[in-house]
Amino acid sequence: MKRKEKHPRLSFCVRGLCFLLGVCLLFGALSALLNDKMSRKYAGYFYDSSDDFEVLFFGSSHMFNGVAPLQLYRDTGVFSYNLGMTNEYPSVSYWRMVDALQRQDPKVVVVDVYRALSREKMPQTESDLSLLHNSLDAMPLGMTKVRAAADILDAGWTNLDTMFNFLFPLAQFHSRYRSLTEDDYHPYLLETRGAMPLRQWYGGQPLALENAPAGASAPLDSAPGEEYLRRMIELCADRGVAIVLLVLPYQAVPEEMPRLNGIAALADESPNATYLNLVYEEIVDPLTDFSDAEGHLNTAGAAKVTAWLGRWLCEHYELTDRRGSEPAAAWDQSLANVRRQQATALAEAPDLTSALMLLVGQDFAFTVQADAAALEPPAVQALCAALGMPAAGGETLRWQSEGAPDVFTEGTGVVVFDPGSGEELGRTAWG
């Protein structure tokens, strides 16, 4: 009997397809291992979650560090996500908003406008491009990401390789195997819903707002800033989404404030847009609520801003209280987990000022014991007032919040407890 011959072209195609499949699988595995995890850690929950987010936050590190969606849920029941990121320019925020509105149908988006002051669309220094990965890498590959990279980078024939690095980050990170850590082998998504809490205290300075009163206004004087703010407003108008252009509290200089106030004119052009400048609202105390000289908010400042902004949003928009719903169980668990992280940071606080700062706006039960000398610094007295604690008179303080058991440290110190069970979560170790 004559043996039937295999079709050579079919065999070649099958081998070729198998080879391509193997290459794709290897590329995917190497990407998952070698790509930097920052973007995925903070934005991954947004892409993976089935939650409906009624409020989305965008912007630079001012937003990234300054608004806490978990606290917003705790206080109001509203589901939100913070898509801000370090060093993010309006051109980048615009494209992240385009991508986000293809996946979610929020009622409100809130945009930090600080970077709109920049007269550059997107600087392409090595540092800026490195930080751009934090904004773009988690965005799934598709036409939106291609258009975003091409626009942000002004991609042409001379810099297609740079654009390629953002569409396929492995091209950038392929040699990173020497710096792999445990996080790379066992990656995880942070539970903060995109926010980055800063747990450091830095004593800031009061702003000289008399040199730039709220009514002072000047042109923004940034063609890229104005262009992309307009594009965000138009995008939201087309989708029927309200947009809030927001200035978060920071250590502003008087020269910046009139230019920021000029953004109000852009908001006035569209009925779906609002301009809100929180620098003039006296929400935070510069003495206690910043984490660095630039005025990024620490957890105390972020707690105050989130509480104020949550009330304002609920007063001006019809937002839904999801507390008690089935999806809220995951948010309640995340609240408990982040509370424990805060307690761990508090136990490692170097002094009373830092420890008290970590208590502001949190839902701990706690006890505090301090001698007269520890209560003298103005920042400590301001934090005691924010926590509803007495600190005047130069007397030794022994104080416990509502629901806290009668458990104190020896000498100066703080002990924190779970507000529901009374379980001790941590205590300071400096005696």
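Kindly indicate whether N35 is modelled with pLDDT under 95 and of a type in the set (S, T, N, Q). If you could, list the steps in order and put the result at the bottom.
Values: modelled with pLDDT under 95: yes; of a type in the set (S, T, N, Q): yes.
Yes, satisfied.
Out of (1) in a helix (DSSP H, G or I); (2) out of contact with any Phe, Trp or Tyr (no Cβ under 7 Å at 6 or more places or on another chain); (3) open to solvent by less than 20 Å² (accessible area, probe 1.4 Å), the odd one out for P249 is which?
(1)
List every residue pair whose Cβ atoms lie under 8 Å apart, where the two residues are 6 or more positions apart in sequence or sit on different chains, the first residue falls within the range 274-298 and is closer than 15 Å to M63 by Cα and of a type in the set (D, E, K, R), and the second residue, located anywhere, is open to solvent by less than 30 Å² (accessible area, probe 1.4 Å) and at pLDDT below 95.
These pairs meet every condition: D289/G204.
If you go through the range 401-431 one residue at a time, how many are in contact (Cβ under 8 Å) with a residue 60 or more places away in the chain, in contact with a strand residue (DSSP E or B) (Cβ under 7 Å, 6 or more places away or on another chain) and aliphatic (A, V, I, L, M)?
The total comes to 3.
Which members of the range 369-395 meet the condition of being small (G, A, S), part of a helix (DSSP H, G or I) and either open to solvent by less than 60 Å² (accessible area, probe 1.4 Å) or under 17 Å from R427 (Cβ atoms) (or both)? Write out each step before concluding.
Filtering the range 369-395 down to residues small (G, A, S) leaves 370, 372-374, 379, 382, 385-386, 388, 391-394.
Next, from what is left, pick out any that are part of a helix (DSSP H, G or I): 373-374, 379, 382, 385-386.
A374, A379, A382, A386 - these are the residues of the range 369-395 that are small (G, A, S), part of a helix (DSSP H, G or I) and either open to solvent by less than 60 Å² (accessible area, probe 1.4 Å) or under 17 Å from R427 (Cβ atoms) (or both).
Can you name the residue in the range 188-244 that is under 19 Å from the mean Cα position of the chain (by Cα) and open to solvent by 70 Å² or more (accessible area, probe 1.4 Å) and, of all such residues, is nearest to M38 (Cα to Cα)?
That would be Y188.
For (1) in contact with a strand residue (DSSP E or B) (Cβ under 9 Å, 6 or more places away or on another chain); (2) closer than 24 Å to M122 by Cβ; (3) not hydrophobic (A, V, I, L, M, F, W, C), each residue gets a yes or a no:
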position	(1), (2), (3)
G215	no, no, yes
P219	no, yes, yes
A223	no, yes, no
I233	yes, yes, no
V244	yes, yes, no
L248	yes, yes, no
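Which condition number in (1) surrounded by 17 or more Cβ atoms within 10 Å (Cβ to Cβ); (2) in a strand (DSSP E or B); (3) free of Cβ contacts under 8 Å to residues at least 40 places away in the same chain is the one that R398 fails?
The number of the failed condition is (1).
Quickly run through the range 105-161 and pick out the residues that are assigned to a helix (DSSP H, G or I) and among the aromatic types (F, W, Y). Walk me through how you get there before you give the answer.
Within the range 105-161, the subset assigned to a helix (DSSP H, G or I) is 114-117, 126-136, 143-152, 160-161.
Residue satisfying the conditions is Y114 alone.
Out of everything in the range 47-71 that is open to solvent by less than 10 Å² (accessible area, probe 1.4 Å) and in contact with a Lys or Arg (Cβ under 9 Å, 6 or more places away or on another chain), what residue ends up being farthest from V247 (Cα to Cα)? Working first, answer last.
Looking only at the range 47-71, we keep the residues that are open to solvent by less than 10 Å² (accessible area, probe 1.4 Å), and these are 53, 55-60, 63-64, 66-67, 69.
From the residues that got through so far, the ones that are in contact with a Lys or Arg (Cβ under 9 Å, 6 or more places away or on another chain) too are 53, 55, 58-60, 69.
Values: F53: 22, V55: 17, F58: 12, G59: 10, S60: 11, P69: 18 Å.
Among residues in the range 47-71 that are open to solvent by less than 10 Å² (accessible area, probe 1.4 Å) and in contact with a Lys or Arg (Cβ under 9 Å, 6 or more places away or on another chain), the one farthest from V247 (Cα to Cα) is F53.
Please verify whether R323 is within 17 Å of A68 (Cα to Cα), touching a Phe, Trp or Tyr at 6+ places or on another chain (Cβ under 8 Å) and of a type in the set (D, E, K, R), treating the condition exactly as stated.
Criteria met by R323.
For the range 414-431, indicate whether the set of residues that are assigned to a strand (DSSP E or B), acidic (D, E), more than 24 Å from the chain's Cα centre (by Cα) and surrounded by fewer than 18 Cβ atoms within 10 Å (Cβ to Cβ) is non-empty.
yes
Search the range 138-155 for residues that are within 19 Å of F46 (Cβ to Cβ) and hydroxyl-bearing (S, T, Y) and pair each with any residue that is open to solvent by 30 Å² or more (accessible area, probe 1.4 Å) and not in a helix (DSSP H, G or I) when their beta-carbon atoms are under 9 Å apart and the residues are at least 6 apart or on different chains.
Listed by first residue and then by second, the contacts come to T144/Q102.
The values are calculated or read from the model by the stated rules, or taken from the named source; none is laboratory data. For clarity, every value in this text was computed on a predicted model and none was experimentally measured. Because the Cβ atoms are built from the backbone with ideal geometry, glycine has one as well, and the counts that use them run over all protein chains shown. The accessibility values were calculated without ligands, DNA or RNA, using every heavy atom of the protein model including side chains. Shrake-Rupley method; radii C 1.70, N 1.55, O 1.52, S 1.80 Å.
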